[in-house]
Amino acid sequence: MPRIAFYDTKKYDEEYFEKVEHPGITFKYLENKLNSDTVELARGCDGVCAFVHDVIDEETIDKLVNYDIGIVAMRCAGYNNIDLKKAKDKIKVVRVPGYSPYAVAEHAMGLLLCLNRKIHKAYFRTRDYNFSLNNLAGFDLHGRTVGVMGTGKIGRVFIDICKGFGMDVIAYDPYPIQGSNIKYVSKEELFRTSDIISLHCPLTEETKYIINEDTLAMMKDGVFIINTSRGSLIESEALYEAIKKGKVGAAGLDVYEEESEIFFEDFSNTIISDDVLKLFLSLPNVLITSHQAFLTADALINIAECTINNINAYFNGEKLENEISY
């Protein structure tokens, strides 16, 4: 019976994985993140289940292999936290390529709507019996130009949502979908002409800091930026300066480049040390959620089912449909 060390467990993880039948698999739920120091907790297990902030570097992989662990089952789509060169030919790595593009795309639109119509500010205002409409004006999304960076499953769903609002959609992707009705443009044109930019691309060497001081300078004054993909797509200090100067009208961030030791945890009774994050949180036109775009019941069930199927396929000697490309 395969025993799987399940790292970085949150209450909802255990709840939804236990809802999905997994006969023959035993999960050892651990609150610790997986790294070279905590890999010892997987001793005696046959595999590990990991998440976006686990550190699966060369040292961690070597120790997993020494413990005769043959599979890392990522319960997410991304795998930029894995040393792929080291993993190749040493350990199998599988992922969940598509748990719910609707969950993430809808959250991106939620951030945009909330920022534009000041819903978050109105909520707190009315709770104090302040029903004034001063400084709550937004703008019609209809007819505005939204630039979508990345046209994978999530990006395409977001495009459909934007079209439903009557927005003019342009997109950039280094691998455009042939035969689609998506209007592709260059990165530079997207930056220059978009009223709103939404990031839906993976984090790679090419996309790291795709939003930086230079690209921000190309953008329209007052541009809205939405990021529900990966924090390091944006150079945080450059974005803060652009917001402070009024170049960026608002930012909706579900991810943050230095989130790994902060997001998913409760620091309400402590003082966080990240000064840039504190500056962002002090701005009235920045809305931050803690990497929750994926968090719907539908997505959590899909994640559990796909992860369990990946694990079963490995131990049954079947083809690994969701193995990463090393």
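The values are calculated or read from the model by the stated rules, or taken from the named source; none is laboratory data. These figures come from a predicted structure and were not determined experimentally. We place every Cβ from the backbone using ideal geometry, glycine too, and count neighbours over all the protein chains shown. Only protein heavy atoms, including side chains, enter the accessible area calculation; ligands, DNA and RNA are left aside. Shrake-Rupley method; radii C 1.70, N 1.55, O 1.52, S 1.80 Å.
Database remark: amide H of residue 32 closer than 5 angstrom to the amide H of 8, 9 (H placed geometrically; neighbours at sequence offset of 5 or more, or on other chains; Pro and chain starts carry no H).
Is it possible to state the helix-based mean residue ellipticity at 222 nm for the chain, with each DSSP H run of 4+ residues giving -39500 (n - 2.57), the sum divided by total residues, to the nearest 500 deg cm²/dmol? What is it? Let's see the in-between values first.
Details: 11 runs with 109 residues, N = 326.
Dividing the helical sum by the residues of the chain leaves -10000 deg cm²/dmol.
Rounded to the nearest 10 square angstrom, residue 140 shows an accessible area of 110 square angstrom against a 1.4 Å probe. In square angstrom, rounded to the nearest 10, how much accessible surface does residue 219 have for a 1.4 Å probe? Around 10 Å² of this residue is reachable by solvent.
Cα-Cα pairs above 27 Å in the chain: how many percent? Value for the chain (Cα pairs over 27 Å): 48 percent.
Take every DSSP beta bridge whose two residues both sit in the chain, then give the antiparallel share in percent to the nearest 5.
Values: 1 of 38 bridges.
Counting DSSP beta bridges with both partners in the chain, the antiparallel share is about 5 percent.
When all protein chains stay in place and ligands, DNA and RNA are ignored, the 1.4 Å accessible-area order of 64, 279, largest first, is 279, 64. Identify which of 151, 307, 204 has the largest mean-square fluctuation in a Gaussian network model of the chain, with springs joining Cα atoms closer than 10 Å. Per the Cα network of the chain with a 10 Å cutoff, 204 tops the list. Projecting the Cα positions of 296, 277, 312 onto the charge dipole of segment 239-315 (unit charges on Cβ atoms of Lys, Arg, Asp and Glu, taken about the Cα centre) puts 277 furthest along the positive direction.
Please work out the Cα center distance from segment 191-224 to segment 1-53, rounded to the nearest Å. Taking the Cα centre of segment 1-53 as reference, the centre of segment 191-224 is 36 Å away. Take segment 132-235 with all the other protein chains still there, run a 1.4 Å probe, and you get 49 Å² of accessible area per residue.
For segment 118-160, backbone nitrogen atoms closer than 19 Å to the point 7 Å from residue 281 Cα along Cα-to-C-beta are found at 120-121, 124. The chymotrypsin sites (Phe, Trp or Tyr not before Pro) of segment 78-147 that DSSP puts in a loop, and whose beta carbon has at most 15 other beta carbons within 10 Å, are 129, 131, 139.
Distance from the C-alpha centroid of segment 259-326 to that of segment 68-130: 5 Å, rounded to the whole angstrom.
For the chain, the relative contact order comes to 17 percent (Cα pairs under 8 Å, sequence separation of at least 6).
For segment 76-174, with only Lys/Arg (+1) and Asp/Glu (-1) charged at the beta-carbon, what is the dipole magnitude about the Cα centre, in debye rounded to 20?
Numbers: 15 positive and 8 negative charges, 86 e Å.
For this selection, approximately 420 debye.
Of 113, 207, 87, which is farthest along the charge dipole of segment 78-218 in the positive direction, counting Lys and Arg as +1 and Asp and Glu as -1 at C-beta? Value: 87. Could you work out what % of the accessible surface of segment 197-325 is carbon and sulfur, using a 1.4 angstrom probe and leaving DNA, RNA and ligands out of the count? C and S atoms contribute 47 percent here. In segment 5-100, Cα pairs under 8 Å separated by at least six residues give a relative contact order of 26 percent. Can you pull the percent of segment 1-69's accessible area that's carbon plus sulfur, 1.4 Å probe, other chains left in place? Result for segment 1-69: 44 percent of the exposed heavy-atom area is carbon or sulfur. Need one value: the accessible area of residue 22 in square angstrom, 1.4 angstrom probe, rounded to the nearest 10. My reading of the accessible area for residue 22 is about 30 Å². From a point 7 Å beyond the Cα of residue 260 in the direction of its Cβ, which residues of segment 42-59 have a backbone N at a distance under 18 Å? The answer is 49-59.
Averaged per residue, what accessible surface does segment 25-84 expose to a 1.4 Å probe, in Å²?
39
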